[in-house]
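Report on the following structure.
The values are calculated or read from the model by the stated rules, or taken from the named source; none is laboratory data. Keep in mind it's a predicted model, so treat the numbers as computed, not measured. FYI the Cβ positions are ideal-geometry reconstructions off the backbone, even for glycines, and counts take in every protein chain you see. Surface areas here come from the heavy atoms of the whole protein model, side chains and all, with no ligands, DNA or RNA. Shrake-Rupley method; radii C 1.70, N 1.55, O 1.52, S 1.80 Å.
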Amino acid sequence: MTADPRARYPDATILSLDGKVPRIHETAFIAPGCRIIGDVEIGPEASIWYNCVLRGDVNAIRIGARSNIQDGTVIHCDSPDPRHPAGFPTIIGEDVLVGHMAMIHGCTLEDRAFVGLGAIVMNGAHVESDGMLAAGAMLTPGKRIGARQLWGGRPAAFMRDLTEAALADMQLGVDHYVRNGQRHKAALDGAAQG
């Protein structure tokens, strides 16, 4: 992790809050227009796409290696309170796909989870490894998607188990976003130098 990434991403807002500076691995891709605030950690080869907001102002946000947070997504967390002394941090594992315009709030997405376009994941919800929340779905507080399950709807409910082919497609998506993020990063670095 770089000590202070603000200089590296002049077209994004990287804001220290209460002494907590976002920690961004040097191999991550951070697109212009992103807002990354406070207690946020972004791992190797992760990609945070155009106009995302990651606001770690009241709790922690963690994003693992090779995970991608696609354009326009909002990630937040929730403060500790008497009923929830730890509050609700947002923990995103490795190789996670988060589709465009998703809302991720105070939840856990384990390694290789998938959250579809425009989906909502609420406080205390949990998507296990290889689990998928369909596009436009809403996973309500405290609900849990099991490993290799597809859930959809508002509120989301179990639909079916995922096939090996679906899991392979998810991994192809992860690989694509790692490559594409590095492509965009190189283009932005070239533009800054030339």
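When you check residue 154 against the structure, is it touching a helix residue (DSSP H, G or I) at 6+ places or on another chain (Cβ under 8 Å), surrounded by fewer than 20 Cβ atoms within 10 Å (Cβ to Cβ) and basic (Lys, Arg), yes or no? Considered against the rule, which asks whether it is touching a helix residue (DSSP H, G or I) at 6+ places or on another chain (Cβ under 8 Å), surrounded by fewer than 20 Cβ atoms within 10 Å (Cβ to Cβ) and basic (Lys, Arg), residue 154 comes out as no.
Once the stretch 42-58 is narrowed to residues that are within 14 Å of the chain's Cα centre (by Cα) and within 23 Å of residue 80 (Cα to Cα), the residue that is surrounded by the fewest Cβ atoms within 10 Å (Cβ to Cβ) is 53. Within the stretch 79-100, one or more residues are crowded, with 20+ Cβ neighbours inside 10 Å and of a type in the set (Phe, Trp, Tyr). Annotation: of all residues in the stretch 157-185 being open to solvent by 60 Å² or more (accessible area, probe 1.4 Å) and of a type in the set (A, V, I, L, M), the one that is farthest from residue 146 (Cα to Cα) is 172. Of all residues in the stretch 137-149, those satisfying the criterion of being within 20 Å of residue 166 (Cα to Cα) and surrounded by fewer than 17 Cβ atoms within 10 Å (Cβ to Cβ) are 144, 146, 147. Mind listing just one residue for me: the one in the stretch 1-24 that is open to solvent by 50 Å² or more (accessible area, probe 1.4 Å) and of a type in the set (Gly, Ala, Ser) and, of those, modelled with the lowest pLDDT? So, considering only residues that are open to solvent by 50 Å² or more (accessible area, probe 1.4 Å) and of a type in the set (Gly, Ala, Ser), the one modelled with the lowest pLDDT is 3. Summed over the stretch 139-194, the residues that are out of contact with any Phe, Trp or Tyr (no Cβ under 9 Å at 6 or more places or on another chain) and hydroxyl-bearing (Ser, Thr, Tyr) give a count of 2. Any idea which of (1) farther than 25 Å from residue 192 by Cβ; (2) open to solvent by less than 50 Å² (accessible area, probe 1.4 Å); (3) outside any loop (DSSP other than H, G, I, E, B); (4) in contact (Cβ under 8 Å) with a residue 24 or more places away in the chain is the one residue 39 doesn't satisfy? It is condition (4) that residue 39 fails. The single condition among (1) in a loop (DSSP other than H, G, I, E, B); (2) open to solvent by 60 Å² or more (accessible area, probe 1.4 Å); (3) of a type outside the set (A, V, I, L, M, F, W, C) that residue 27 does not satisfy is (2). Looking only at the stretch 84-97, decide whether some residue is farther than 24 Å from residue 181 by Cβ, in contact with a Phe, Trp or Tyr (Cβ under 8 Å, 6 or more places away or on another chain) and of a type outside the set (Phe, Trp, Tyr). Scanning the stretch 84-97, I find no residue that is farther than 24 Å from residue 181 by Cβ, in contact with a Phe, Trp or Tyr (Cβ under 8 Å, 6 or more places away or on another chain) and of a type outside the set (Phe, Trp, Tyr), so the answer is no. Counting only residues that are charged (D, E, K, R), assigned to a helix (DSSP H, G or I) and at pLDDT 95 or above, the stretch 142-194 holds 5 of them. Screening residue 120 with (1) surrounded by 24 or more Cβ atoms within 10 Å (Cβ to Cβ); (2) more than 20 Å from residue 189 (Cα to Cα) gives one miss only, at (1).
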